[in-house]
Amino acid sequence: MNASTPNDPNAVIECQNLGRNFTIGRGLFAEKKTLRAVQDVNLKVQRGEVLAVVGESGCGKTTLAKMLLGLLPPSTGDIYFEGEPLQNVDRHSIARRVQPVFQDPYSSLNPRKTLASIIALPLNVHNVGTSEERKKRVEEIMEMVGLPRRLLYSYPSQLSGGQRQRVAIARALVMKPEVLICDEPTSALDVSVQAQILNLLQDLRKELNLTYVFISHNLAVVEHMADQLAVMYLGRLIEYGASSEVFANPRHPYTKMLLNSVLTPDPSLGLPGSASDGDFPNPLDPPSGCVFHPRCAECMPQCMTTLPGILQDDKGLVECHLYTETAANAA
Ligand SMILES: Nc1ncnc2c1ncn2[C@@H]1O[C@H](COP(=O)(O)OP(=O)(O)O)[C@@H](O)[C@H]1O
Ligand SMILES: [Mg+2]
């Protein structure tokens with residue numbers, strides 16, 4: 001694989017060896033440390049497909065999302081958008097074609113603006129159409145996301161959480177983008193409202209032939225939506241493949257653990273979003289060898305010392321000593 005070209009020019013988004021580091025401890029006397037928020041991520045998203053990215057809080061999902069949106073430059077590796085290196089694509093063009101939907105509809109909507117002006121903002125920024133055409137487009141998109149027209153001149157504070165997330169989705173869709181990057185779009189909502197927003201996103205995808213990168217800490221949320229599933233742990237992509245395959249035959253012990261915690265009826269066993277088993281490692285001082293080994297039910301001696309190689313086959317990708325011989329790339 002040539003690092004300067006996409007390996008699949010038909011993919012809408014492709015990442016090669018993508019990584020992002022943060023330097024922690026900028027104080028005068030503080031020791032500087034490097035936090036590897038995302039490391040060595042290789043992913044592809046095909047047109048019309050849903051790629052779900054799952055993993056516990058702190059594993060690097062939002063950092064990945066920001067890089068895909070062009071909001072955060074990678075420290076290593078490359079991102080391609082429709083075969084073109086992202087850094088070569090005009091910023092305005094990316095903003096038109098790839099839109100975010102973030103977790104918190106409370107902080108992402110300007111409280112002093114009406115729905116009409118919030119949703120129309122991208123049209124104004126990109127100077128699309130006449131004011132009459134913009135108004136029509138706003139009404140059309142509001143209908144599409146299930147917001148009644150009478151709310152046109154309401155303010156975010158007058159809406160429910162679910163309605164606010166519909167506004168955020170309307171704003172994301174108003175420019176007719178090709179890709180939505182949804183970062184935990186339902187995590188801040190009540191459970192009953194979550195399902196409505198998920199259904200809306202599903203319907204819109206079919207109707208508008210959208211491509212999604214759908215990020216969640218909750219496997220149950222993505223099960224019915226994902227075509228491809230990427231599981232992250234401490235910045236690394238540890239399992240990746242067709243969603244149905246990964247759900248049916250998870251290979252990485254961490255994926256198995258996530259699936260078990262989704263299926264378990266006992267809340268004291270902890271939820272994957274909270275790392276309540278207390279062992280979530282410090283990302284500034286990651287474990288040696290396989291970063292998952294301190295929590296792994298199938299830990300072997302080599303797991304404590306050596307980074308596993310990656311097995312890539314027709315079922316997908318897994319980074320685990322159970323499936324690879326010796327370390328191909330010892331750290
Ligand atoms: N701007 C930043 N500066 C320093 N560390 C950051 C920054 N953004 C994220 N991190 C760290 O990077 C890791 C991944 O964070 P994030 O991408 O937000 O994870 P997730 O979305 O999966 O919860 C965390 O350890 C987080 O503390
Ligand atoms: Mg996040």
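Every read-out reported here was derived from the displayed coordinates using simple, explicitly stated rules and does not represent laboratory data. Remember, it's a predicted structure, so these values are computed and weren't measured experimentally. All Cβ positions, glycine included, derive from the backbone under ideal geometry; neighbour counts span all protein chains shown.
So who's got an amide H within less than 5 Å of the one on Val38, skipping anything under 5 residues away but keeping other chains? H placed 1.01 Å off N, in plane.
Correct list: Arg20.
Would you mind getting me the FRET efficiency between Lys135 and Ser192? Use the beta-carbon distance for r and R0 = 25 Å, nearest 0.05.
Numbers: r = 32 Å, r/R0 = 1.30.
Computed FRET efficiency for Lys135 and Ser192 comes out at 0.15.
Arrange the following residues from fewest to most other Cβ atoms within 10 Å of their Cβ: Thr63, Thr324.
Numbers: Thr63 24, Thr324 15.
The order, fewest Cβ neighbours first, is Thr324, Thr63.
Out of all DSSP beta bridges with both ends in the chain, state the antiparallel percent to the nearest 5. Present the calculation step by step, with values, prior to reporting the outcome.
Details: 28 of 47 bridges.
In the chain, DSSP labels about 60 percent of beta bridges as antiparallel.
If I model a spin label as a point 7 Å beyond the Cα along the Cα-Cβ vector, how far apart are those points for Leu71 and Gln302 in nm?
4.1
Quick one: Karplus J couplings for region 230-243, per residue in order, coefficients 6.51, -1.76, 1.60, θ = phi - 60°, nearest Hz, x for Gly and Pro?
In residue order, the calculated couplings are 10, 10, 10, 9, 6, x, 9, 7, 9, 8, 7, x, 4, 4 Hz.
Quote to one decimal, in nm, the extra length available between Val262 and Asn282 on full extension: 0.36 nm per residue of separation minus the C-alpha distance between them. Write out the running numbers ahead of the final one.
Values: separation 20, 0.36 × 20 = 7.20 nm, distance 2.39 nm.
Fully extending the segment from Val262 to Asn282 adds 4.8 nm.
What's the exposure ranking of Tyr233, Tyr153, going from fewest to most Cβ atoms within 10 Å?
Numbers: Tyr233 24, Tyr153 10.
Fewest-to-most Cβ neighbours within 10 Å comes out as Tyr153, Tyr233.
Calculated FRET efficiency, Ala220 and Asn127, Cβ-Cβ r, R0 35 Å, to nearest 0.05?
0.25
Can you give the FRET efficiency for Asp203 and Gln158, using 1/(1 + (r/R0)^6), R0 = 41 Å, r = Cβ-Cβ distance, to the nearest 0.05? Present the calculation step by step, with values, prior to reporting the outcome.
Values: r = 25 Å, r/R0 = 0.61.
Calculated transfer efficiency: 0.95.
If I stretch the segment between Gln87 and Leu322 completely, what's the gain in nm (0.36 nm per residue apart, minus their alpha carbon distance), one decimal?
On the way: separation 235, 0.36 × 235 = 84.60 nm, distance 3.76 nm.
Stretched out fully, the Gln87 to Leu322 stretch lengthens by 80.8 nm.
Less than 11 Å from a label point 7 Å out along the Cα-to-Cβ axis of Ser244: which backbone N atoms in region 16-55 qualify, by residue?
none
Per-residue counts of other Cβ atoms within 10 Å, averaged by peptide: what ranking do you get for 304-313, 103-112, 236-245, 22-31, highest first? Intermediate values should be presented prior to the final figure.
Numbers: 304-313: 17.4, 103-112: 15.6, 236-245: 21.7, 22-31: 8.9.
Packing proxy ranking, top to bottom: 236-245, 304-313, 103-112, 22-31.
Restricting to DSSP H runs of at least four residues, report the calculated mean residue ellipticity at 222 nm for the chain, -39500 (n - 2.57) per run over all residues, nearest 500 deg cm²/dmol. It would help to have the intermediate numbers written out before the result.
On the way: 10 runs with 97 residues, N = 331.
My calculation for the chain gives -8500 deg cm²/dmol from helical runs alone.
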